[in-house]
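Here it is, the structure in full.
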Amino acid sequence: MIYNEDFETLPREALEALQLKRLRQVTERVYHTVAFYRRAFDEAGVKPDDIRSLTDLRRLPFTTKKDLQDNYPFGLFAVPMSSIVRLHASSGTTGRATVVGYTKRDIDTWSELMARCFVAASVTKNDIIHNAYGYGLFTGGLGVHYGAERLGASVIPISGGNTKRQIMILQDFGPTVICCTPSYALNLAEQGRSMGVDMEALKLRVGVFGAEPWSDTMRQQIEASLNITALNIYGLSEIMGPGVAMECLEGREGMHIFEDHFLVETIDPVSGEVLPPGEQGELVFTTLTKEAFPLIRYRTRDISRLFAAPCRCGRTLYRMDRVMGRSDDMLIIRGVNVFPSQIEAVLMGIEGLEPHYQLIVDRAGTLDTLEVQVEVTESLFANADEVKVLQRLDRRITKDLKDYLGITAKVKLVEPKSLQRSEGKISRVIDRRKI
Ligand code: ADP
Ligand code: ZN
């Protein structure tokens, strides 16, 4: 199912022509309305008129998170405050929050793109959507909410937290769709089970999960524990919020990027060089239609890669791979680069472990050290000759981390339910180096 057939299935040539037209419009507009861009373009020696093809995009300078912070809170807005109808801020996972603004038309676009996401997940107006993304400054809650309303589905604006109540509502209201972070989905499943609720028997059939990195093995865990199909959704406040890209039910391999509104590139995070599709790098987005807060070549720091291959679903939009992590989440353990999501994938592949883990980075002398804390299953923990079993498991994890990722880590097996659970975006890494 496709929400906006006209734009989601445009032949690439027509899509690129549309992108170029819009790119020329947005560069022209920011040059004349945002002092920051005028200066940046002038410094780079480029004028809006120089943009004659999509590859000319490369002549434009990057915009970084630091540029946003330097212009905090409203310095990069391209419209007067009287045209702004909504403000949001990034959840501030890394550093100072960035503030984003929307015009009425921006909200309208966002609602449509979120509606496209739902339709890609087979959601219709007959569905009831349990929306456990946080409502408030965070874009997750309201972004999803407006998309669900645009579609005409029934929304339960439950927001985050208050897990016991959520479980009651899941039983009583019988939602068919759930939206939240993947870590919170697992938390819900687990708490429900411990309350004696048969979580697999709920009416839920599909989940739209995002806002944090998760592995494919984590997807299987969620699907099994809630008896649903779990789909990945990507977005970031700076570019819009949730709904920048969404997995389709038919493909389930990468998320379609709504390229009629966002121009995407992958770059080498060190050299800034543009990479061809298929190669892993940092995602860079240019907004093509945003009015209030247009961004030119915004460096997301999210590491992924693009797929140009056509998809079964009929959408012509390129797809992006699941995000490995942010370049600033990358750990360097004795010279080996590793993302928390890669460690997650290794852990999830080992029987006897729960999908709950925490990574502790510290420093011994000049070397960074990593401790992997992971919960073991209830049954294993209750086992009589526990010690031997646990020792074997410990060795297996240490070996797998070495074999698959090349890292040496200290493993600490912990009791079931002892690590902190997520109520929204989870933070996997505790960095003791900074303390
Ligand atoms: P903050 O930057 O403070 O976390 P946002 O709420 O804007 O604020 O978060 C956007 C970020 O969340 C993205 O840049 C990305 O790192 C992460 N993210 C969003 N969706 C996904 C996803 N499906 N998979 C992995 N990471 C995601
Ligand atoms: Zn598809």
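The values are calculated or read from the model by the stated rules, or taken from the named source; none is laboratory data. Computed from a predicted structure; not experimentally measured. As a convention, Cβ positions derive from the backbone with ideal geometry for all residues, glycine included, and neighbour counts pool all protein chains shown.
Select, from Gly143, Gly136, the only residue that is touching a helix residue (DSSP H, G or I) at 6+ places or on another chain (Cβ under 7 Å) and within 22 Å of Ser237 (Cβ to Cβ).
Numbers: Gly136 fails: touching a helix residue (DSSP H, G or I) at 6+ places or on another chain (Cβ under 7 Å).
Criteria check complete, one pass: Gly143.
Yes or no: Phe258 more than 15 Å from ligand 2 (Cβ to nearest atom) and crowded, with 23+ Cβ neighbours inside 10 Å? Full working, then the answer.
On the way: more than 15 Å from ligand 2 (Cβ to nearest atom): no; crowded, with 23+ Cβ neighbours inside 10 Å: yes.
In short, no.
Among Val79, Val100, which is the only one that is away from ligand 1 (no atom under 14 Å from the Cβ), of a type in the set (A, V, I, L, M) and more than 23 Å from Gln166 (Cβ to Cβ)?
Val79
Taking the conditions exactly as written (under 30 Å from Tyr135 (Cβ atoms) and acidic (Asp, Glu)), does Asp42 satisfy them or not? Can you show your working first?
Numbers: under 30 Å from Tyr135 (Cβ atoms): no; acidic (Asp, Glu): yes.
It is false that Asp42 is under 30 Å from Tyr135 (Cβ atoms) and acidic (Asp, Glu).
Report whether or not Val26 is in a loop (DSSP other than H, G, I, E, B), away from ligand 1 (no atom under 16 Å from the Cβ) and assigned by TED's automatic domain parsing to the domain that holds Ile233.
no
If you don't mind, there's one more thing I want to ask. Show the residue pairs that are 6+ apart or on different chains and have beta-carbon atoms under 9 Å apart, the first residue being within the stretch 413-428 and more than 18 Å from Asn383 (Cα to Cα), the second being surrounded by 15 or more Cβ atoms within 10 Å (Cβ to Cβ) and basic (Lys, Arg).
Cβ pairs passing all conditions: none.
Say we look at the stretch 115-134 and pick out the residues that are in a loop (DSSP other than H, G, I, E, B) and away from ligand 1 (no atom under 16 Å from the Cβ); which of these is nearest to Phe173 (Cα to Cα)?
Per the criteria, the residue is Asp127.
Just the residues that are of a type in the set (Val, Ile, Thr), in a strand (DSSP E or B) and either surrounded by fewer than 22 Cβ atoms within 10 Å (Cβ to Cβ) or outside the structural domain of Leu236 (by TED's automatic domain parsing) (or both), please, taken from the stretch 265-299.
Here is the first cut: in the stretch 265-299, the ones of a type in the set (Val, Ile, Thr) are 266-267, 270, 274, 284, 286-287, 289, 296.
When the remaining residues are screened for being in a strand (DSSP E or B), the result is 266-267, 274, 284, 286-287.
Hits for the stretch 265-299 are Ile267, Val274.
Evaluate the following for Ala345: is it under 22 Å from the mean Cα position of the chain (by Cα), surrounded by fewer than 22 Cβ atoms within 10 Å (Cβ to Cβ), modelled with pLDDT under 95 and away from ligand 2 (no atom under 16 Å from the Cβ)?
yes
For the stretch 320-346, name all the residues that are farther than 20 Å from Glu279 by Cβ and assigned to a loop (DSSP other than H, G, I, E, B).
The answer is Arg334, Gly335.
Where residues in the stretch 304-321 are within 16 Å of ligand 2 (Cβ to nearest atom) and crowded, with 21+ Cβ neighbours inside 10 Å, which of them is nearest to Thr217 (Cα to Cα)?
Looking at residues that are within 16 Å of ligand 2 (Cβ to nearest atom) and crowded, with 21+ Cβ neighbours inside 10 Å, I get Met320.
Given Leu236, Leu249, which one is farther than 18 Å from Glu423 by Cβ and more than 16 Å from ligand 2 (Cβ to nearest atom)?
Leu236
For the structure I just gave you, tell me whether Phe36 is in a loop (DSSP other than H, G, I, E, B), among the aromatic types (Phe, Trp, Tyr) and more than 22 Å from Ser327 (Cβ to Cβ).
In short, no.
Within the stretch 15-43, count every residue that is within 20 Å of Leu113 (Cβ to Cβ) and loosely packed, with under 13 Cβ neighbours inside 10 Å.
Final tally of qualifying residues: 1.
Looking at Glu415, Glu423, Glu378, Glu386 in this structure, which one is more than 15 Å from His356 (Cα to Cα), more than 16 Å from ligand 2 (Cβ to nearest atom), of a type in the set (Asp, Glu) and in the same structural domain as Ala364 (by TED's automatic domain parsing)?
Unique residue meeting the criteria: Glu386.
Glu247 - would you say it is buried (at least 22 other Cβ atoms within 10 Å of the Cβ), under 18 Å from the mean Cα position of the chain (by Cα), acidic (Asp, Glu) and closer than 29 Å to Tyr102 by Cβ?
Spelling it out, Glu247 is indeed buried (at least 22 other Cβ atoms within 10 Å of the Cβ), under 18 Å from the mean Cα position of the chain (by Cα), acidic (Asp, Glu) and closer than 29 Å to Tyr102 by Cβ.
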